[in-house]
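Colleague: Please see the structure below; I have some questions.
The values are calculated or read from the model by the stated rules, or taken from the named source; none is laboratory data. Only a predicted model underlies this, so the values are computations on that prediction, with no experimental measurement involved. Neighbour counts are summed over all protein chains in view; Cβ atoms, including those assigned to glycine, are modelled from backbone coordinates with ideal geometry. Calculation scope for accessible area: heavy atoms of the full protein, side chains included, ligands and nucleic acids excluded. Shrake-Rupley method; radii C 1.70, N 1.55, O 1.52, S 1.80 Å.
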Amino acid sequence: MALPVMAQKRTVSGTVSDPSGSVIIGANVIVKNTTNGTITDLDGKFKLEDVPSNGVLTVSYIGYKSTDVSVKGKSNLKITLDEDVTVLNEVVAVGYGTQKKATLTGSVATVGGDDIKKSPAPNVGSSLAGKLPGLIVNQRSGEPGRDDPSIIIRGAATLGDSSPLIIIDGVERSNMTRLNPEDIESVAVLKDASAAIYGARAANGVILVTTKKGKEGKTEFSFNFNVGFSNPTKTPKMLDAYTYANVANESDWYSKGRPASYNPLYTDEMLQKYRDGSDPILYPNTDWVSECMRSSALQTRGSFQAKGGNDKMQYLLSFGMLSQGPAYNNYPERNDQYTFRINLNAELTKNLSVGANISAIFNQQKHTTIATWINFSNIMISSPLLPARYPNGLLAGGRLGESPLLLDQRGTDKIKNSPVYSTFTATYKIPGVKGLKLEGSFNYDFNNQFEKMFELPYYYYEYNTATQQYDKMNGTGQSTIALRDTYSSWSTMMYNFRISYDNTFGAHHVAAMLGQEQQRDTYSSANAYRKNFLSSSIDQINVGSTASEDKDNGGSGRKTARNNYFGRFNYDFMSKYLVELLFRVDGSQNFPSNKRYGFFPAASLGWRISEESFIKDNYPFIDQIKLRTSLGKTGNDKVASYQYLQTYSFGGNYVFGSTVNSGIYANTMPNANITWEKSTKFDAGFDASLWNGLLGAEFTYFHESRRDILAARNLSIPNTMGFPSLPDENIGKVNNNGFELRLTHHNTVGKLFYSVEGNVSYAKNKIVFMDETPHTEAYQDLTGRPIGSQLIYKADGIFNTQEELDAYPHANGTQVGDIKIVDLNKDGDIDSDDQYRFDYTATPRTVFGLGGTMRYKNWDMNIFFQGQSGAYNYDSQFASLGSSNKDNAFKKRAENRWTVDNPNGTMPRANAYQPGNTTFFMYDSSFIRLKSLEIGYSLPKELISKVSISDLRFYVSGFNLLTLSKDIKWTDPEISGQSLSYPQQRVINLGVNLKF
Amino acid sequence: MKKIIMSICAALSLAACNDDLLDISPSDRISDNVVWTDPNLIKAYLTNVYNGLPHGYKIHMQSKMTDECVCTINFGAGIIPLGSLSPDNVGSVSIGDWTGGGNLYNWDDAYKYIRNINLFLDKMTTVDMDNKDEMIAEAKFVRAFIYFDLLERFGEVPIVDKAYDITSTETFTSSSFEKVEEFIVKDINEAMVNLPAYYKSTDANFGRATKSAAQALLSRLYLYAASPLFNESNDRTKWQAASKAAKDFIDTYTQYSLYPDYETCFNQPTGRENSEVIFSRNFTTTNGHQNPMNNLGRRYGAYGGWWASNGPSQNLVDDYDMKNGKPAFIWNNGVKSVNPESGYDPQNPYKDRDPRLDASVIHDESVYHGDTFEMWISSDASSWGMDHYKQSGDNPTSGYQMRKFMPGPSEELSWQVTYTQPWIFFRLAEIYLNYAEAEFELGHEDVCREYINKIRTRAGVGILGSDITGENLRARLYNERRIELVFEEHRYFDLRRWKLAEEVENRPMYGIAITKDVATGKKTYAEELLVKRVFTNQMYLLPIATSEIRKNGGTLLQTKTWRK
């Protein structure tokens, strides 16, 4: 066997720099097809021994295109790396630190602050809809100040609270949706095992919001102002007086047993008057929605930001304001909000730097004193036979004497809320050990809320047919002036210490971090009440009556705490093979002392296969492909605390003689063994960039198994036991899986730059075990079906004729014109055994977003569509028509209803009877929306630079502009349950950005 | 620099040592061991137990589920008049429902309080405190009452006499009527030993259990046990027991007498002198009810009609005798006609009636609270009275409003007032009627008439003569109970235990249509059909909710009448 000829070897050195000439520190330099490699030093220089004389060096660095350089005939190389726009050089927040997107192994979705700003939605939460794969955002209300959407990650996987943990600048904080969008640097969502760094609170996923910091450079001032006009996306059409009265006659006739001779509630003569409007006093035809709705509500938003600094100190000062008014007449509603932020970073010495990030929100809301759903009942389902105002202008009483036009007379509920968030950080690089540093932060947040509920008596007019006068009537609410002041205060104190190490040894990169965190939260509240104020001129508590029966007060308090240890270890070899291990030991006060601490580990692996030569050499169109997978355990402790103790509360008073005697009652039965829910998450996927960025793709498949789910055994324990409410027990098992796909494309054609980005996420959960007693019929079991799936009767049209009714089983009380319910178990009876589990809920299985950006010369455009499918909604208000409570109904429901004269009608009769909810009124809530559209024009730079302006842009934008809905066409398809809520708003917005 | 590192490390280690950080005791609740060692808290625990006796001032009163008031809705309480009641929907008449469900389906609530009491009796075995024996007796009385409430609804129920804990896997089986009756009697007898004889209605303890209340409960229990629904063989000894229990009450508790005025017997605030009331649930302005606002019409801003009203029916009004003691109507083979001897004038229907009509029902031209009520509509429908349902959907469609329990003119009518009219569980008139009924069944018709006439005399209505006998007397006896105890949660159960519901509760419900001639101003009266009613024989008893049957894994059988 002949020995191969030894290649001649030598030492090669060189410098790596970027196109601007700046040196690149830490670039990988490796002899191609070997493991012989090094990285560049602080001066961008490298030195590599044992290089074959005809060898090729591969030089790579994150964010740059890697390049191959032949060493033939050279010993001192000057290598320039071109920037790689496709491989994102961005860093991603991952919890207690950041990572480069390119070497990230977890499943983390991010969106930049610039993208959020594009939407004129007043609520930051709404702007996230469709932007982040895996994030399911559903906006259910458009009420100013109360329009927070429901946000969940990858659907529900627990039977209890499935809301994610929201971390803003390192601390669990509320009010994410109230942030000034201009302050947001990025929003990242930890969907997989990478969330395990947040241990016991992470099972539902984690949203990390990072706010903007100052940056080195000349001070940059930016100013934004815009004005929006909003109105509901869709308002249901209700019955007019004539139809309403006909429906009332029908339902009256049915409930009297369909007598042959019938004196109608509304005679033909009356019906005619309702129809022709000849007697607007006694026979009005009121369209309550148009009476109440304004043409549009005004919304203004402004912000001012200054940032800058030098190499020792950077700062950001930011101010924002938002003001929203009501969309309805005589509706005392406002939301005014001011946000402030100061972010400072200072390098005190070479090794020590400190920072402070202090922000505050001053929020003032004004609402009616009446619950929103009541107001919307009074707007939507008031009878059209009730006058809203008489011809002489006097306001009438309306439904239950609570006409929505009287709301401004009934006092206000004012809420002032002023949370202050502060974070102080220090980083100390330990001299002498490269890459070792200590970091710590102290956070103190406090929030004070003062609520002033001032209720006033009100009156309206009622026409008296006997005297032909308008009688002044007292409203049904308060008969005296009453005030309740409620003061609430919250505080959170959190310390956190971390020691971290980050270094590179040749081709090996190692990073490690260990930390501890402690948190204490407090809450306290006190309230005072007085009534019988002499006058409504002063809304202060001391002005109220001092009689003891006119006064009341109350209060409560709570404390909670957490204690955790966590750590992370990262290793990569030449940025090619990536490993991450992390853990958290979490202590939660919600559990008994022996069940308090849990251990939550996670591991993830990545392989940048595109760095391998067999890809590089053969598929030059591939910029990058990364394969990644992760596995880890997280927990969920979102349940009421102290469930492990039997406690008693005051209450259940009873009167003996003429005196109230205090009572006490036992709270929830204790569960001494309560502990976390555990979630095991597995993810696998890839990130790819092809053809120099023309196509980008990210795909993730996930599987989560949730075990020890905390739920009460309500379904199996006989009520005969007589237990007070049942405690949560670790009993449920749920599997959840799905995928997320994101595709991007961007290109420049001449002067036109454009990009398109689409994402789709799918998540479906299945109950593996739940506490339930076996049903008679297997199709009723929850096991094997998604969380929240309801028992419902299957509808098969309606009974059009008596023959049809007689021929098919039906429940007692069913008449011709009622819904035909399928006898699923074929036992000849319609009873609860015929209900089956409906697999869909109001939470969509699929959500998607599709956006595009275009720039041409001074014009720019941003367009974004968002939608959902796999969601169904049962609207019991829609189902109701001509019921005895005299509510108005939806026009869509009354159209083509069964009547004696319309026996072929497809909709059920007025006052229809069904023994329970049926699929007849279960509608698919799939939709696609033009969520936002923005068109901007920037004034030419040469024009504005003369007045020292660097950027001046005018734009027009819209939110919820267009909705295409599959089934639900009479109201906004995004509702959950009844459509008696403040509707989602469409906003048309005009604005200006100015930078100097 | 060293200093900074030192201090960071020091802080780190300090925090790490803080192990008791998570040991926080609740600041708004009391723990178990504290409760059972503190006499005041034990008393408070017993106080709450009384809430196991629900009062009848609910948005949906029980009256609308029988033939006292009209119910037109097809959900909630409406499932009873419509006859669509089933084990699947019985929860919609649960007393835990926001409408109060007419106090009908009480299973869940009853067993909750039974457990509360069982736990109390268990804990009291080791507690040493003053008044201990009386407190135990009170708890047993309440338990007996709750079991009676269950028994009259379901006919047979499981007897649970211990407090199970969360790890228990017990399932339950119903005990027969007799077994439950026995259990109740045992509790009553044991309680009686240590209970005080009685409290005056002005006493600070009025509303607590007494011997007299226990005896009244016994009287009602034995009357029910003797009734056709539960005494299929018509065992005469049961009627003897019922008679004796009532008579014992009458002979023993001579402190009670019929209150002179029928209307004020019910409409006085809590704490007033009342010689008739044996046991009631009292209220205060901070712990009261809004019954007037749930029942009076729009005139006072009430919501009555919206909740489908507890508006009294024409069926009820027709059953009031004339003041002369004669029935206004006679029934012949299920057909009703005016009794020509009575002097009843259908076009002047409220004239010369039993005074209890005016005391219990507000009708057109009634004067209540200083206001004259107007329930008419003009013949051309161009004008109507303020209390007509055309004026507001919040006026009951029947043309009548409830007057019993409604406060007198000195009390303001408003949602902001909490009312304190007590809810009466037992009063002497019921004991008289219990006695009259038992004696009737034993063949002592003269005693029966004597006790009915005591009540009629107080009411100011003509008494029953000795010519009224046999089935005729039975009908008058039953009607006396209907009229005297109207709206007090008797009628629903009486019709069932008499096995008359299939006849009575299948009759349509009527209201009154009063038309006022535009020209002459003369009013004409016509009964108006309001709702068709359906009663099926299953409905003699309440079904147990399907979910509860299932939770018991097959051991708990559905109520007798509902078994397939």
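Colleague: Just grab the label-to-label distance for residue A:542 and residue A:558, each label 7 Å out from Cα along the Cβ direction, in nm (one decimal).
Modeller: Between residue A:542 and residue A:558, the simple spin-label model gives 3.3 nm.
Colleague: Taking accessible area as the heavy-atom solvent-accessible surface of the protein chains with a 1.4 Å probe, which residues of the range B:523-553 lose no less than 50 Å² upon going from the isolated chain to the full protein assembly?
Modeller: At a threshold of 50 Å² (probe 1.4 Å), the residues of the range B:523-553 that become less exposed are B:529, B:550, B:551.
Colleague: Quick one: if you take sqrt(5λ) for each eigenvalue of the C-alpha gyration tensor of the range B:81-159, what semi-axes come out, biggest first, whole angstrom? Please report the intermediate quantities before stating the final value.
Modeller: Values: eigenvalues 204, 26, 20 Å².
The equivalent ellipsoid of the range B:81-159 has semi-axes of 32, 12, 10 Å.
Colleague: Another question, if that's okay. Once both labels are modelled 7 Å past Cα along the beta-carbon direction, what's the residue A:394-residue B:467 spacing in nm?
Modeller: Here the modelled spin labels are 5.7 nm apart.
Colleague: Here's a follow-up. Give the distance, in whole Å, between the Cα centre of the range A:867-908 and the Cα centre of the range A:457-515.
Modeller: So the two Cα centres are separated by 35 Å.
Colleague: Taking the alpha-carbon set of the range B:123-255, what are its Rg and Dmax in Å?
Modeller: Spelled out, the Cα radius of gyration and Dmax of the range B:123-255 are 16.4, 50 Å.
Colleague: Using every alpha carbon pair in the range A:639-767, what percent of pairs falls into each 10 Å bin from 0 up to the bin containing the largest distance?
Modeller: 10, 22, 18, 15, 13, 11, 7, 3, 1, 0
Colleague: Another question, then. For the range A:756-912, just say rounded, prolate or oblate: build the C-alpha gyration tensor, square-root its eigenvalues into a ≥ b ≥ c, call rounded for a/c under 1.5, and beyond that prolate if a/b exceeds b/c, oblate if not.
Modeller: Since a/c reaches 1.5 but b/c is at least a/b, the shape of the range A:756-912 is classed as oblate.
Colleague: Which value, in Å to one decimal place, does the Kirkwood hydrodynamic radius take for the range A:421-568 when every pair of different Cα atoms is included? It would help to have the intermediate numbers written out before the result.
Modeller: Details: mean 1/r = 0.0474 Å⁻¹.
It works out to 21.1 Å.
Colleague: Next question, about the same structure. Tell me, what ³J(HN,Hα) does each residue in the range B:401-409 have, in order and in whole Hz, if you take phi through Karplus 6.51 cos²θ - 1.76 cosθ + 1.60 with θ = phi - 60° and put x for Gly and Pro?
Modeller: Here the 3J(HN,Hα) series is 10, 6, 10, 4, 6, 7, x, x, x Hz.
Colleague: Also, I was wondering about something else. Sort largest first and round to whole Å: the equivalent ellipsoid semi-axes of the range B:15-90, each the square root of five times a Cα gyration tensor eigenvalue.
Modeller: On the way: eigenvalues 468, 85, 20 Å².
They are 48, 21, 10 Å, listed from largest to smallest.
Colleague: Wrap a convex hull around the Cα atoms of the range B:269-380, take a quarter of its surface area, and give that in square nanometres.
Modeller: Mean orientational projected area (the range B:269-380, Cα hull): 11.1 nm².
Colleague: Quick one: with all protein chains in place, what share of the accessible area of the protein assembly as shown is carbon or sulfur, to the nearest percent (1.4 Å probe)?
Modeller: The C+S portion of the solvent-accessible surface of the protein assembly as shown is 54 percent.
Colleague: Could you compute how much accessible surface residue B:382 exposes when probed at 1.4 Å, giving the result in Å² to the nearest 10?
Modeller: Looks like 50 Å² after rounding.
Colleague: For the range A:215-324, what is the convex hull (Cα atoms) projected area averaged across all directions, in square nanometres?
Modeller: So the mean shadow area of the Cα hull is 12.3 nm².
Colleague: Indicate, rounded to the nearest 5 percent, the antiparallel portion of the DSSP beta bridges found entirely in chain B. Numbers along the way, then the final one.
Modeller: Values: 27 of 32 bridges.
Counting DSSP beta bridges with both partners in chain B, the antiparallel share is about 85 percent.
Colleague: Still on this structure, please answer the following. So how far apart, in nm, are the two label points at residue B:126 and residue A:593 if each is 7 Å from Cα heading toward Cβ?
Modeller: Computed distance between label sites residue B:126 and residue A:593 equals 2.1 nm.
Colleague: Follow-up question, since we're still on this one. Could you give the C-alpha radius of gyration of chain B expressed as a fraction of 2.2 N^0.38 Å, taking N as the number of residues it contains? Walk me through the intermediate numbers first.
Modeller: Numbers: Rg = 26.8 Å, N = 564, 2.2 N^0.38 = 24.4 Å.
Working it through for chain B, the quotient is 1.10.
Colleague: Excluding residue A:444 itself, what net charge comes from residues whose Cβ is under 15 Å from its Cβ, given Lys and Arg +1 and Asp and Glu -1?
Modeller: -3
Colleague: Could you tell me the convex hull volume per residue, in Å³, taken over the Cα atoms of the range A:502-560?
Modeller: It comes to 148 Å³ per residue, whole-number rounded.
Colleague: For residue A:171, list long-range residues whose amide hydrogen, built 1.01 Å from N in the peptide plane, is under 5 Å from its own amide hydrogen.
Modeller: Residues meeting the criterion, in which the H sits 1.01 Å from N, do not exist here.
Colleague: Output the residues of the range A:326-360 meeting this criterion: accessible area (heavy atoms, 1.4 Å probe) in the chain alone minus accessible area with all protein chains in place is 10 Å² or greater.
Modeller: Residues of the range A:326-360 that lose at least 10 Å² of accessible area once the other chains are added: A:349, A:352.
Colleague: Oh, and also: May I ask for the Rg/Rh ratio of the range A:557-597, computed from Cα atoms with Rh as the Kirkwood radius, given to two decimals?
Modeller: Taking Rh as the inverse mean 1/r over Cα pairs, Rg/Rh reads 1.30.
Colleague: With viscosity set to 0.692 mPa s at 37 °C, what whole-number translational diffusion coefficient in µm²/s follows for chain A from Stokes-Einstein and a Kirkwood radius over Cα pairs?
Modeller: In µm²/s, the coefficient rounds to 101.
Colleague: A follow-up question, please. Cβ under 11 Å from residue A:264's Cβ, residue A:264 left aside: what net charge do those residues give with Lys, Arg +1 and Asp, Glu -1?
Modeller: Net of charged neighbours comes to -3.
Colleague: Quickly estimate the mean residue ellipticity at 222 nm for the protein assembly as shown, helices only: each DSSP H run with n ≥ 4 gives -39500 (n - 2.57), and the total goes over all residues, rounded to 500. Could the numbers behind the result be given before it?
Modeller: On the way: 29 runs with 273 residues, N = 1560.
It comes out at -5000 deg cm²/dmol, rounded to the nearest 500.
Colleague: Let me ask something else about it. Shape of the range A:161-250 from its Cα gyration tensor (a ≥ b ≥ c, root eigenvalues): rounded if a/c is under 1.5, otherwise prolate when a/b > b/c, or oblate? Please list the in-between numbers first.
Modeller: On the way: a/c = 5.41, a/b = 1.70, b/c = 3.19.
Note, shape of the range A:161-250 comes out oblate.
Colleague: Which chymotrypsin sites (Phe, Trp or Tyr not before Pro) from the range B:16-119 combine a DSSP loop assignment with at most 14 other Cβ atoms within 10 Å?
Modeller: Sites meeting the loop and neighbour criteria: B:98.
Colleague: Over all alpha-carbon pairs of the range A:284-349, lay out the pair-distance distribution in 5 Å bins, whole %, shortest bin first.
Modeller: Once binned at 5 Å, the Cα pair distances of the range A:284-349 give 4, 13, 15, 11, 10, 9, 8, 7, 6, 5, 4, 3, 2, 1, 1, 0.
Colleague: Could you calculate the FRET efficiency of residue B:178 with residue B:444 from 1/(1 + (r/R0)^6), where r is the beta carbon distance between them and R0 is 22 Å, rounded to 0.05?
Modeller: That gives a FRET efficiency of 0.30.
Colleague: What does the charge add up to near residue A:364, with Lys and Arg as +1, Asp and Glu as -1, over the other residues with Cβ less than 9 Å from its Cβ? All intermediate terms of the calculation are to be shown ahead of the outcome.
Modeller: Working: positive: A:334, A:366, A:414, A:416; negative: A:336.
In short, +3.
Colleague: While we're looking at this one, here's another question. Determine by what factor the alpha-carbon radius of gyration of the range A:696-738 differs from 2.2 N^0.38 Å, reporting the quotient.
Modeller: 1.87
Colleague: Taking amide H atoms as placed 1.01 Å from N in the peptide plane, list the residues 5 or more away in sequence, or in a different chain, whose amide H sits under 5 Å from that of residue A:296.
Modeller: Residues meeting the criterion, in which the H sits 1.01 Å from N, do not exist here.
Colleague: While we're looking at this one, here's another question. Would you mind working out the accessible area per residue for the protein assembly as shown, using a 1.4 Å probe, and quoting it in Å²?
Modeller: Ligands and nucleic acids excluded, the result is 39 Å² per residue.
Colleague: Against the globular-protein guess of 2.2 N^0.38 Å, express the Cα radius of gyration of the range A:516-597 as a ratio, rounded to two decimals.
Modeller: Here the answer is 2.25, to two decimals.
Colleague: At q = 0.14 Å⁻¹, work out log10 I(q)/I(0) for the range A:68-201 with the Debye formula, treating every Cα as an identical point scatterer and leaving solvent out; two decimals please.
Modeller: -0.71
Colleague: Find the eigenvalues of the gyration tensor of the Cα atoms of the range B:221-322, then list the square roots of 5 times those eigenvalues as equivalent ellipsoid semi-axes, largest first, in whole angstrom.
Modeller: Values: eigenvalues 228, 100, 42 Å².
After scaling each eigenvalue by five and taking roots: 34, 22, 14 Å.
Colleague: Rounded to the nearest 0.05, what FRET efficiency do residue A:551 and residue B:273 give with R0 = 30 Å and r taken as the Cβ-Cβ distance? Could you check?
Modeller: Given R0 = 30 Å and the Cβ-Cβ separation, E is 0.50.
Colleague: Over all directions, how big on average is the projection of the convex hull of the alpha-carbon atoms in the range B:441-500, in square nanometres?
Modeller: 4.3
Colleague: If you don't mind, there's one more thing I want to ask. Just the Kirkwood number for the range B:425-564, please: inverse of mean 1/r across all distinct Cα pairs, in Å, one decimal.
Modeller: That comes to 18.5 Å for the range B:425-564.
Colleague: Return the percentage of antiparallel bridges among DSSP beta bridges fully within the range A:146-225, rounded to the nearest 5 %. Before the final figure, lay out the partial values.
Modeller: Values: 8 of 12 bridges.
Bridges in the range A:146-225 that DSSP calls antiparallel: roughly 65 percent.
Colleague: List the accessible area buried at the contact between B and A, summed over both sides and calculated with a 1.4 Å probe, in Å² to the nearest 100.
Modeller: 8600
Colleague: Turning to a different aspect of this structure: Taking a label point 7 Å from the Cα of residue A:450 along the Cα→Cβ vector, which residues of the range A:338-352 have an amide N closer than 19 Å to it?
Modeller: Answer for the range A:338-352: A:338-339.
Colleague: Percentage of Cα-Cα pair distances in the range B:480-521 greater than 16 Å, rounded to whole percent?
Modeller: Roughly 57 percent, once rounded to a whole number.
Colleague: At each listed q (0.27 Å⁻¹), what is the log10 of I(q)/I(0) that the Debye formula gives for the range A:127-179 modelled as equal alpha-carbon point scatterers?
Modeller: Log-scaled intensity ratios, in q order: -1.27.
Colleague: Right, here's the next one. Hey, could you pull the Cα Rg and Dmax for the range A:551-633, both in Å?
Modeller: 23.0, 83
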